[in-house]
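The structure appears right after this line, and notes come after that.
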Amino acid sequence: MTKTALITGITGQDGSYLAELLLDKGYEVYGIVRRLSTPNITRIEHITDRITLLEGDLTDQSSLNVAMQTAQPDEVYNLAAQSFVATSWNQPVLTGDVTGLGTVRVLEAVRHFCPDAKFYQASSSEMLGAAEEIPQNEKTKFRPRSPYAVAKVYGYYATVNYRESYNMFCCNGILFNHESPRRGIEFVTRKITDGVARIHHGLAKELRLGNLDAKRDWGYAGDYVKAMWLMLQQKEPDDYVIASGKSHSVKEFVEEAFKEVDLDWQEYVKMDERFMRPADVPELRGDALKAREKLGWKPETSFEELVKMMVRADMERYEKRSKK
């Protein structure tokens, strides 16, 4: 019997990779998209003929209710959010409404219209923030350091609460940073690889960045969506850290990216106070032992392979433009 999945945030990086994975597994896939004057479906253009898109918004309960009634999903993946940490400082109320309360609205729609559906919540390593221990696991105390992280903590506990209060199959995936060529240009990793490509093609002379010393546990988004799916295939719902177990500084990412095009990063990278956060997180590094043991999941793409993949994709993009 064909399974049906509903993905919020299907037009994003994770949503596009997850949709591909589920289609390959024979699922019928629905995705919720916001009504925009210019539809943003570039990441899923190649599969739009194989999925069903429904209009909806995490700030609008009725649209989520209708989406659940229409799709009647076996699995719901809540990936939609205001997910850019820097923006959350400028738009904290919007971030709380979309990323925090939005999760509750999706859970309410599931509870009322498809209570037997399995629910996945995209939680974040940013919830751990200024953690007192390294590496961090499922038992590490949350110490959020941004409005985005605070909103994600709200969504995390809402998911746990619905699991315990209504006996719903609800899981939190505490995913550490995961990147790809489909990463939004505003995120530092993509900003770096796009900047490298622009400099190499003579379209820019410098790359301005904030804190180069911040360390993150970076993995490949295509690997991480497999963990999301695995969580909903278990007999019992639970929460899992998904991470590579290795941390690298922003400076290391920069060095690796410029090395791919044989350039000295120090000649091009400039520190800019505008990109410093009011409160930064010094290091996030995850311990995914539980996921390895219970889900049989492990990352397949190394840090170096990830950086190369992203630089090469951006290089190719600018090469195509120059030939037009």
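The values are calculated or read from the model by the stated rules, or taken from the named source; none is laboratory data. All values reported here derive from a predicted model rather than from experimental measurement. Reconstructed Cβ throughout: ideal geometry from the backbone, glycine too, with neighbour counts over all protein chains shown. When the accessible area is computed, the model is the full protein with side chains, heavy atoms only, and any ligands, DNA or RNA have been set aside. Shrake-Rupley method; radii C 1.70, N 1.55, O 1.52, S 1.80 Å.
What the table below lists for this structure:
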{"quantity": "Highest-MSF residue in the chain out of 120, 162, 30 [GNM, Cα springs under 10 Å]", "calculated": "162"}
{"quantity": "Cα-only radius of gyration and Dmax that characterise region 1-118, units Å", "calculated": "13.9, 47"}
{"quantity": "Choice from 125, 165, 88 with maximal GNM fluctuation in the chain (Cα, 10 Å cutoff)", "calculated": "165"}
{"quantity": "Of all DSSP beta bridges in the chain, antiparallel share, percent nearest 5", "calculated": "5"}
{"quantity": "Residue pairs, from the table 270/308; 118/191; 3/226, whose Cα atoms sit over 27 Å apart", "calculated": "118/191"}
{"quantity": "Accessible solvent surface per residue of the chain, calculated while the other protein chains remain in place, 1.4 angstrom probe, Å²", "calculated": "47"}
{"quantity": "Kirkwood hydrodynamic radius of the chain, Cα pairs, Å", "calculated": "20.2"}
{"quantity": "Relative contact order for the chain, counting Cα pairs under 8 Å that sit 6 or more residues apart, in percent", "calculated": "17"}
{"quantity": "Geometric extent, Cα atoms of region 71-222 - Rg, Dmax (angstrom)", "calculated": "17.6, 58"}
{"quantity": "Charge dipole magnitude, Cβ of K and R +1, D and E -1 - the chain, Cα centre, debye nearest 20", "calculated": "340"}
{"quantity": "Apportionment of accessible area to carbon and sulfur, the chain, percent (1.4 Å)", "calculated": "46"}
{"quantity": "Spatially proximal aspartates and glutamates relative to residue 294 (Cα-Cα < 16 Å; intrachain offsets below 8 disregarded)", "calculated": "138, 236, 238, 239"}
{"quantity": "Whole-number percent relative contact order across region 173-324, with pairs defined as alpha carbons under 8 Å at least 6 apart", "calculated": "37"}
{"quantity": "Local net charge near residue 242, Cβ-Cβ under 15 Å (Lys/Arg +1, Asp/Glu -1)", "calculated": "-2"}
{"quantity": "Spin-label pair residue 317/residue 166, simplified geometry with 7 Å Cα→Cβ offset, distance in nm", "calculated": "3.8"}
{"quantity": "Local electrostatic count at residue 105 - Lys and Arg +1, Asp and Glu -1, tallied over other residues with Cβ under 11 Å", "calculated": "-3"}
{"quantity": "Global geometry of region 185-249, whether rounded, prolate or oblate, following the gyration tensor of its Cα atoms and the 1.5 cut on a/c", "calculated": "prolate"}
{"quantity": "Region 158-203 and region 88-153: distance between their alpha carbon centers, rounded to Å", "calculated": "13"}
